Each structure stands twice: as structure tokens, then as C-alpha cells.
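Trainee: Pasting a structure below so you can have a look.
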Amino acid sequence: MQSRRIWEPFEDDILRCFYPCTKAEYLAIWIGCSVQGVYHRANILKLKKSAKWLASDEACNLRAHPEIGERGRFKKGHVPLNKGIKRPKGWAPGRMAETQFKKGVLAGSARERWKPLGSERLSKEGYLEVKFRERKGQYGNWKSAHVLLWEGTYGPVPEGYAVVFKDRDKSHIVLDNLELISRAELMRRNTVHNLPKDLQLVIQLNGALKRKLRKLSEKQAE
């Protein structure tokens with residue numbers, strides 16, 4: 001493995017002085033490094049080529065004389081010869097038919113990343129996720145196992161609500177340990193964690209008491 005080059009202060013001074021108006025190839029020979037090394041160091045030092053040098057023939061003939069490539073350029077409004085033409089599969093000679101992409105066939109890294117339905121994984125937040133559908137693009141095919149369990153019993157989670165664990169144990173995935181709360185309530189609960197333990201307990205008991213009173217009120221109204 002090639003060791004990293006250490007640039008001396010005087011070499012940086014050479015670049016600052018001559019890079020704006022000198023070809024990188026010449027500076028590479030002078031300093032004793034690669035051309036890519038010159039460009040890399042100049043980028044670190046935030047050096048740029050001067051406008052005068054960029055307009056010179058030494059910088060680039062095409063940039064200095066744009067008329068050189070005029071014949072090979074497409075004119076504005078040019079219509080490609082194959083526009084609107086649909087070719088049958090494998091229409092060209094050779095191995096085109098066997099090497100072209102097949103619809104629905106995964107290849108390369110996409111094949112390596114693919115997982116069958118029912119596969120499980122852990123999210124960055126520590127939630128168990130399950131692949132529950134196969135959709136093109138591989139996005140949106142995974143969902144938290146506890147959410148799938150809830151939706152399988154009670155239906156889709158309403159907008160603005162979340163399914164959470166009553167005991168806050170993400171590995172305890174049973175229906176009795178799940179509850180549906182609003183996002184606002186979830187935010188308040190997450191904020192509670194920053195409070196002293198005694199105050200957390202009071203807030204939790206207050207919430208439990210309110211829920212029981214609400215249930216009793218609903219039963220009386222029936």
C-alpha cells in the first residue's frame with residue numbers, strides 16, 4: 001500500500017505561486033508527485049486556475065476555440081433518428097438477447113440485498129421489523145412486528161397515532177402489551193424521561209387514572 005505523501009511548506013508555496021497559470025503536468029514533474037496529487041493538493045489549498053490561463057490554448061483548445069467541435073455537435077431542435085421507434089427484444093445481432101435485463105429479474109447488489117417475505121431484521125432504533133410485502137423499488141416493504149400485530153387485530157393505525165409498548169420493552173411483542181396513543185401523547189411521554197423519577201411516576205399514575213375515568217364514563221354513556 002502506497003504511503004500518504006506529506007507536503008512540505010515550500011511545495012505548497014510553489015503551488016500557490018504557479019498553479020493558477022501552469023499545467024499540472026509540469027508542476028508534478030517539478031515537485032515530484034503525480035498529476036492527480038497536484039490537483040488534490042490544489043483542491044485542499046482552494047487554488048483555482050486563472051481566467052487568463054483557462055482561456056489559453058495551453059489550457060484546452062476546445063475551450064479556447066469552441067468552433068473546433070462545432071461540426072460534431074447536435075443543433076438545437078435536433079430530433080434523434082430512433083425517436084419513437086420500439087425495438088423487439090434481442091433485435092440487435094450478437095448476444096444482446098441473453099445479456100439484456102429481464103423484467104422482474106434481480107441482479108448484482110439488488111439480488112444480494114433481497115430478502116423473502118416474512119424475513120426479520122432489527123431497525124436502528126431496536127424494533128423488530130418484518131418484510132410483509134414485495135413492492136418494486138424495495139422501499140416500504142418492511143414494517144415493525146408490533147405494528148403488524150396490532151393492525152392484524154384492530155386494523156390500520158389512524159393518522160396521527162402510534163402503537164407503543166406499555167412496559168417499554170421492545171422485545172415484548174404481545175397484544176396485551178400494546179396500546180394506541182396519539183403522537184402528541186407519545187412526544188409527552190418521551191419528554192417525561194428527562195424528569196426526575198418521582199415526578200415521572202406521578203405523571204404516569206395520573207395518566208393511568210385519567211384513562212380509567214374515561215373508560216368508566218364511556219361505559220356509563222352506553
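Trainee: Residue pairs, Cβ under 7 Å, 6 or more apart or interchain, first in region 105-127 and modelled with pLDDT under 75, second assigned to a loop (DSSP other than H, G, I, E, B) and surrounded by 10 or more Cβ atoms within 10 Å (Cβ to Cβ). List them.
Mentor: That search, which allows pairs on different chains as well, returns L106/W114.
Trainee: Then there is this: Report, by residue number, each residue of region 1-15 that is surrounded by 12 or more Cβ atoms within 10 Å (Cβ to Cβ) and at pLDDT 85 or above.
Mentor: Residues of region 1-15 that are surrounded by 12 or more Cβ atoms within 10 Å (Cβ to Cβ), as a first pass: 5, 7, 11-12, 14-15.
W7, E11, D12, I14, L15 - these are the residues of region 1-15 that are surrounded by 12 or more Cβ atoms within 10 Å (Cβ to Cβ) and at pLDDT 85 or above.
The values are calculated or read from the model by the stated rules, or taken from the named source; none is laboratory data. Everything numeric here is computed off the predicted structure, so don't read it as measured data. Note that we place each Cβ from the backbone using ideal geometry, even for glycine, and neighbour counts take in every protein chain shown.
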